[in-house]
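Input: a single structure, listed below in structure tokens.
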Amino acid sequence: MKPIALNKIYNDLLNCYGKQYWWPGDTGFEIAIGAILTQSVSWRNVETAISTLKSKGLLEPELLNLKSAEEIAPLIRSTGYYNQKAKKVKNFLNWLHGYNFSFDCLKKIESSGLRDELLSINGIGPETADSILLYALSKQFFVIDAYTRRLFARIGIISGTERYSEIQDLFHKNFNGTIQDYNEYHALIVIHAKDVCKKRSICSKCCLKDFCKANIIYLDDSARSEKISKKD
DNA sequence: ACCCAGGGTCATA
DNA sequence: TATGACCATGGG
């Protein structure tokens, strides 16, 4: 593959949509909870839950930690899988307690070891871990989500069946950017995907046309396979 | 009435 | 290692 492609796509997206200043959230804790709650659900559903937690003053780790999973579950109902997610939040809080609920303390830990610790928490997989690392702890890890996988598979840089770690390695090795660029890149991929999804065709600015033969960059999974089977 | 959304775990082959 | 079932609400 051509390493320059990852940088060019980033520049194109940045020129079209501008900086996103992610993650939406005021504190590291809010970002981490949001990362858990957004698993396989639209961000809209997460906002409701975040707002509920905030209105009850529970978006503080020490205070939320006083609540049981049974008490947390109804508060995050809108995010779906709420019983499981309540347990995941508790698991995260238990781990966080070991560091006095201090994100400043977490930031001092060596990155690789910190990632391993996050992955050892039941309910936190690679994407959630990397979201927390990048957006809540300012660690340089590229976040690979379903949008990233689909977009770059559609462009032809990956097949789409690669493992998470393979795709992440590809970005780590071939994308030349700072931690702020990592931050923006993932955000821009999500913004672009939502834009395309809304238009049901190309993005509103067609910013990736250089990579797009059929003038269609990304559709949802069903539409995408339809287009690909017709094309090839 | 369907489909999917900023995943992860566990059981099975 | 690699699929499949399961978790469950809300908007299109």
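Values quoted throughout were computed directly from the atomic coordinates according to the rules given, and no laboratory measurement underlies them. Values in this document were obtained by computation on a predicted structure and should not be read as measured data. A quick note on method: Cβ atoms are made from the backbone with ideal geometry, for glycine too, and the neighbour counts reach across all protein chains shown.
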(request) Could you list the residues of the stretch A:57-73 with an amide nitrogen less than 14 Å from a label point located 7 Å from the Cα of A:ASP26 in the Cα-to-C-beta direction? (result) A:57-61
(request) Specify the angular offset, from 0 to 90 degrees and rounded to the nearest 10, of the alpha carbon long axis of helix A:82-97 from the longest principal axis of the alpha carbons in chain A. (result) 70 degrees
(request) With a point put 7 Å past each Cα toward its Cβ, work out how far A:SER138 is from A:SER111 in nm, to one decimal. (result) 1.4 nm
(message) If you average the alpha carbon positions of the stretch A:27-61 and of the stretch A:66-126, how far apart do those two centres end up, in angstrom?
(response) 12 Å
(message) Between helix A:28-37 and chain A, what is the angle of the helix's C-alpha long axis to the longest principal axis, kept within 0 to 90° and rounded to the nearest 10?
(response) 70 degrees
(message) If N is the number of residues in the stretch A:28-136, what value comes out of its Cα radius of gyration divided by 2.2 N^0.38 Å?
(response) 0.98
(request) Report the extension gain between A:LEU63 and A:TRP95 in nm, rounded to one decimal, defined as 0.36 nm multiplied by the number of residues separating them, less their alpha carbon distance. (result) 10.0 nm
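What full-extension length gain, to one decimal in nm, is calculated for A:SER102 and A:LYS19 as 0.36 nm per residue of separation minus the Cα-Cα distance? Working shown, then result.
On the way: separation 83, 0.36 × 83 = 29.88 nm, distance 2.84 nm.
Gain on stretching A:SER102 to A:LYS19: 27.0 nm.
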(message) I want to verify a result. In a Gaussian network model of chain A, Cα cutoff 10 Å, which of these has the top mean-square fluctuation: A:LEU106, A:LEU188, A:LEU13?
(response) A:LEU106
(message) Restricting everything to alpha-carbon atoms, can you work out Rg to Rh for the stretch A:76-189 with a Kirkwood hydrodynamic radius?
(response) 0.99
(message) Report the rotationally averaged projected area of chain A based on its alpha-carbon convex hull, in square nanometres.
(response) 12.7 nm²
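Write down the Kirkwood hydrodynamic radius of the stretch A:131-200, to one decimal in angstroms, obtained as one divided by the mean of 1/r over all alpha carbon pairs. Could you put the intermediate results ahead of the total?
On the way: mean 1/r = 0.0793 Å⁻¹.
Hydrodynamic radius (Kirkwood, Cα only) of the stretch A:131-200 equals 12.6 Å.
Going by how many other Cβ atoms sit within 10 Å of their own, how do A:SER40, A:SER102 line up, fewest first?
Values: A:SER40 8, A:SER102 12.
Lowest count first: A:SER40, A:SER102.
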(request) Compute the acute angle (0 to 90°) between the alpha-carbon long axis of helix A:164-174 and the principal axis of greatest extent of the alpha-carbon atoms of chain A; round to the nearest 10°. (result) 60 degrees
(request) Work out from phi, with θ = phi - 60° and the Karplus expression 6.51 cos²θ - 1.76 cosθ + 1.60, the ³J(HN,Hα) of each residue of the stretch A:54-62, listed in order in whole Hz, and give x for Gly and Pro. (result) 5, 5, 9, x, 9, 8, 10, x, 4
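If I take R0 = 30 Å and measure r between the Cβ atoms of A:SER159 and A:ASN11 in this structure, what FRET efficiency does the formula 1/(1 + (r/R0)^6) give, to the nearest 0.05? Before the final figure, lay out the partial values.
Numbers: r = 24 Å, r/R0 = 0.81.
Between A:SER159 and A:ASN11 the formula returns 0.75.
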